[in-house]
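Worksheet: one structure, shown below.
Here, each number is a calculation from the coordinates, and none is a lab measurement. For clarity, every value in this text was computed on a predicted model and none was experimentally measured. We place every Cβ from the backbone using ideal geometry, glycine too, and count neighbours over all the protein chains shown.
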Amino acid sequence: MKQHLSLALDTVEDMGSSYADVRWISRKTQNIYTKNQKVEAFSENLSQGIGIRVLYNGAWGFAGTNKTDEKSIIDTAKRALRLARAASRVKVLDVMLSEAPTVRDSYKTPYKTDPFSIPTDDIIETLIHCDEIMNEQDEFIKVREGHFDAYSEKKDFMSTEGSEIYQEILWCGGGISASAVCSEDSQTRSYPASFGGEYSTRGFEFFEELELEKHAAKIAQEAAALLKAPQCPQDKTTLLLGGSQLALQIHESCGHPIELDRVLGMEASFAGTSFLTPDKRGEFQYGSKHVNIHCDAAYPGGMGTFAYDDEGIPAQKYDVVREGIFKNYLTSRETAVLFEEDSNGTVRADGWERMPMIRMTNINLEPGEWNIDELIKDTQKGILVDTNRSWSIDQQRLNFQFGTEIAYKVEEGSIEGIYKNPTYTGITPEFWRSCDAVTDKNNWQMHGIPHCGKGEPMQTMFVGHGCSTARFRNVQIGVFD
Amino acid sequence: MIGKEQALNMIEYALGKSPADQTEILMMGHDHFLTRYANSQIHQNTAEENSTFFIKAVLGKKIGISTINQATPKALETAVESACKAAKNQKEVNDYPGLPQKAPIVDFNAFCPRTAEINAEEKALIVQDMIVRTHGDRMALNGAFYTGSYEVAAGNTNGILAYHKGTLTDISALTSSNNTTGYASASARDVDTIDYTRLIEESLESAKAYDKTITLEPGKYPVVLEEYAVADMLIYLSYMGLSAESVENENSFLIPHRGEKLFSESISLFDDALNPLAFGTPFDYEGVPKSRLDFIKKGTITGNCSHNHYSAFKAGTKTTGHALPPDAGLSTAYPFHLIMEAGDAQNQDLLDAMGTGILIKRFHYLTSVHDLKTILSGMTRDGVFWVEKGKITARISDMRFTQSIIEALKNVEALSSKRKSIWFRDFSVDFPITAVVPRLFIKEFNFTGQTEF
């Protein structure tokens, strides 16, 4: 295959391209979805192909094909060049690329047990057993679901600058949920996270460590209890965000707004732009002094972990927010050059068929000093919410509204019951500036999100967010209808 | 695109090779081109071709699924083997009725050679022309121009063997200045039917700066929703409660309201992939013919929900032809070609009827807050205007709403006579998800927050 890839690069160089790179990817996935004692979906999927990106006369062209014979690859390379040539007729500025090292290397996600080697009936057995446990808890539990997903990607990258990189990325994970239903309401609880569960670039040992069966009874009981729980009141109060929900808060209100392509308007018509304009870099008070956020594409087990991005740039760790001040964007070679800097290595495509773009890697909120129990004890009045249920944010990433599966009522330093249908809403910098406490490393956990959407056609990427429970003051809660 | 002959030959070959009791094969392929532009220049110009085979193997009551994107006999044999292996390791699905039987399918011409063949240079010239048209208003052009062809073929060991191909184009124009944005988009089978000049005019119209931009306090206001916003709202209704899965989960608004007249006689909502405006296919992803399915008829909830073969069997009814590709789940069947009947009002009539209120172009980032109660939250974008005595008097800073869709439909006072086909291209290149909708005047809509622009 390397010979074919090399031929593709030679073809476009001969036709006048100033830079090109090519990726061959073979992607294998396994998805198991159980519901109410049945396996609703069980699929094993294989997708392979190549994607060629060409820079010609200062403009990009990209073409992907599932046909991997020599002729098809050459035809696809020519197609990419024709697209670049056409794009170059409608440009304002030439695309310039920052410097990149020439790399010849390989990388493989470290893991103990290959999830694809596990007998699938064992996995199904685990999920069905969880289903049975959940079903036994309450007569109102009507829907029980279980998920297991495994992903393996083999990728060859070559560029006209001489880089040759081979990577094997592997991840897996899953989760369970129980829904209680009565005539006028429906409430769901999930473990360890909603919309499928938690995921990690680790082997099957990660799925085993989730210990789904140990948590099945509790989530079913909570789902049933939520049916009878009072509606979360409308109030401006103290909000404690549990890690699973805080991960999504980081994702939507910090991760997306620091994508420099988005900041520069490249996603304006679909996903939108960003309030974090270039003049704010290094000066803007994004959050309180307790807010320290970094990007780390090499964090072990993070869903955004790799050795090299899809431009051949090494994985890096750097500050995004330090003591509340906004420091850095996620950049590509094309965008970093605007700051006369090198790329910080965040460019990925979700497959061979799509053009690489800036994506989150692992965007992590660093732990603070608070013990979780002490933090609750220190909170006179408020709610502790966790496990995402709904999410929405405006196209500049300012006004957000999230819903969670459950809220725990906090009164005079202790948990005093639950509310259903909790929501909270705010404006991003106001919200992060109201953060007055972050819990310590004992409460810190890496969360994996396998379905981050961006770009056209929509690309679905896997990203990570490490965080621990944090406290925010004077937050609007309880917007429901 | 591998074409009808190769697609059907490959399906028949694979069916012949399968040792399973029953086998179903779906092929979905596309060859598409997407030109993206931002800040008045093309920044991504891409092409993608792919063909994926989905194999469903049934061993007794056990079902296994595999997919592969290589159209060779060897690759398909591997995929059949993988599906059979998956089935062997499965638990039995005791109430599984087997695969659907063959039924007559009437194919229709959805393929426009011009859309399939328009080249990159021509598309660049069209984009260039649109950019030039924004110069007079000192606006930048952002958006995407899609052209492409798709094919779908389905076969099973009960005799189903069907093929269909089509083309689609979609173009969007978000015009922007420092403090305003406007939007328009259009979709069609034939790229030559798109009126690019009109598209830019519509976008510039909604980007126009007025003497003032006002902010409104959260609260309930009358609104006129343009077609883009109505389509967004209805596609969420589809996810929230119009499928058999929602009904089976007892999580659909259809259950408590079956047979009830909830809305005015002017509200009718149905799914019809065969309507040319809906850009559908003649059969679903099990190879079952498509047909019309009514959800709301003259204001009354019919109680119908969308089924595939399995969900229908469980419910003691017949499939409605809404199966999705098999990896989506055994019971998953959504109506993806919703059509709302038009009313009799001109666009200006809607504003006149509203008098004072808000005109909304488009929504952004919707989320389901509560499926059963059909509560949706999201933002406005790209053209929100304050209207007094039927005339626009100011732009409004974008707002957040949190609103039950059912309550909104109860409050519809008038519908436009013209409708627009909206294709949700970003979520469905291979299987078009569309809505054909009028504009709506809704007497009360719940806004719950503001933003800073």
(message) Can you classify the protein assembly as shown as rounded, prolate or oblate using the Cα gyration tensor, where a ≥ b ≥ c are the square roots of its eigenvalues, rounded means a/c under 1.5, and otherwise it's prolate if a/b beats b/c and oblate if not?
(response) rounded
(request) Evaluate the relative contact order of segment A:223-321 (contact order divided by residue number), counting alpha-carbon pairs under 8 angstrom at least 6 apart; express in whole percent. (result) 16
(message) Please state the shape class of segment B:242-335: rounded when a/c is under 1.5, otherwise prolate if a/b exceeds b/c and oblate if not, all from the C-alpha gyration tensor.
(response) oblate
(request) For peptide A:115-128, compute the average count of partner chain beta-carbon atoms within 10 Å of each residue's beta-carbon. (result) 1
(request) Can you spot the aspartates and glutamates whose alpha carbon is less than 12 Å from B:LYS290's alpha carbon? Ignore those fewer than 8 places along the same chain. (result) B:ASP107, B:ASP271, B:ASP272
(message) Can you compute the helix-only [θ] at 222 nm over chain A? Use -39500 (n - 2.57) per DSSP H run of at least 4 residues, normalise by all residues, nearest 500 deg cm²/dmol.
(response) -6000 deg cm²/dmol
(message) Residue by residue through B:321-332, how many Cβ atoms from other chains fall within 10 Å of the Cβ on average?
(response) 3
(request) Return the lysines within reach of A:LYS71: Cα separation strictly under 18 angstrom, same-chain partners fewer than 8 residues apart disregarded; answer none if there are no such residues. (result) A:LYS2
(request) Please determine, in degrees from 0 to 90 and to the nearest 10, the orientation of helix B:227-241 with respect to the longest principal axis defined by the Cα atoms of chain B, where the helix direction is its Cα long axis. (result) 40
(message) For segment B:24-48 and segment A:377-396, what is the centre-to-centre distance using only Cα atoms, to the nearest Å?
(response) 37
(request) In nm, give the distance between the simple-model label positions of A:ASP94 and B:ASP352, each being 7 Å from the Cα along the Cα-to-Cβ direction. (result) 5.8
(request) Specify the inter-centroid distance of segment B:227-269 and segment A:51-110, based on alpha-carbon positions, in whole Å. (result) 45
(request) Using only Cα atoms, find the angle between the long axis of helix B:3-17 and the longest principal axis of chain B, and express it within 0 to 90 degrees, rounded to the nearest 10. (result) 40
(message) Using a Debye calculation, one point per C-alpha and no hydration shell, please list log10 I(q)/I(0) for segment B:16-61 at q = 0.18 Å⁻¹ in order.
(response) -0.67
(message) What distance in nm separates the two pseudo spin-label positions at A:GLU411 and A:THR102, each 7 Å out from Cα along the beta-carbon direction?
(response) 7.1
(request) Using every Cα-Cα pair within segment A:261-380, state what percent have a distance larger than 24 Å. (result) 35
(request) Partner chain Cβ atoms within 10 Å, averaged over the residues of A:89-99 - can you pull that number for me? (result) 4
(message) Past 19 Å, Cα to Cα: identify those pairs from A:LYS289/A:LYS327; B:LYS261/B:LYS373; B:LYS85/B:LYS318; A:LYS228/B:LYS220; A:LYS28/B:LYS56, in the order given.
(response) B:LYS85/B:LYS318; A:LYS228/B:LYS220
(request) May I ask you to list, by number, the DSSP H helices of chain A whose Cα span along the axis is at least 15 Å and whose average Kyte-Doolittle hydropathy reaches 1.6 or more? (result) none
(request) From the P(r) of chain B, can you give the percent of Cα pairs sitting at distances over 37 Å? (result) 31
(message) At R0 = 45 Å, how high is the FRET efficiency between A:LYS112 and B:SER397 if r is their beta carbon distance? Nearest 0.05 is fine.
(response) 0.25
(message) What do you get for the angle between helix B:120-135 and the principal long axis of chain B? Use alpha-carbon atoms, 0 to 90 degrees, nearest ten.
(response) 20
(message) Compute for segment B:349-453: radius of gyration divided by Kirkwood radius, i.e. Rg/Rh, restricted to C-alpha atoms, rounded to two decimals.
(response) 0.97
(message) Given a Förster distance of 51 Å, report the FRET efficiency between A:SER18 and A:ASN442 from their Cβ-Cβ distance, rounded to the nearest 0.05.
(response) 0.50
(request) Give the residue from A:ILE313, B:PRO97, B:VAL152 lying farthest towards the positive end of the charge dipole for the protein assembly as shown; charges sit on Cβ (+1 for Lys and Arg, -1 for Asp and Glu) and the dipole is referred to the Cα centre. (result) B:VAL152
(message) When a/c reaches 1.5 or more, the comparison of a/b and b/c decides; with that in mind, is segment B:153-233 rounded, prolate or oblate per its Cα gyration tensor?
(response) oblate
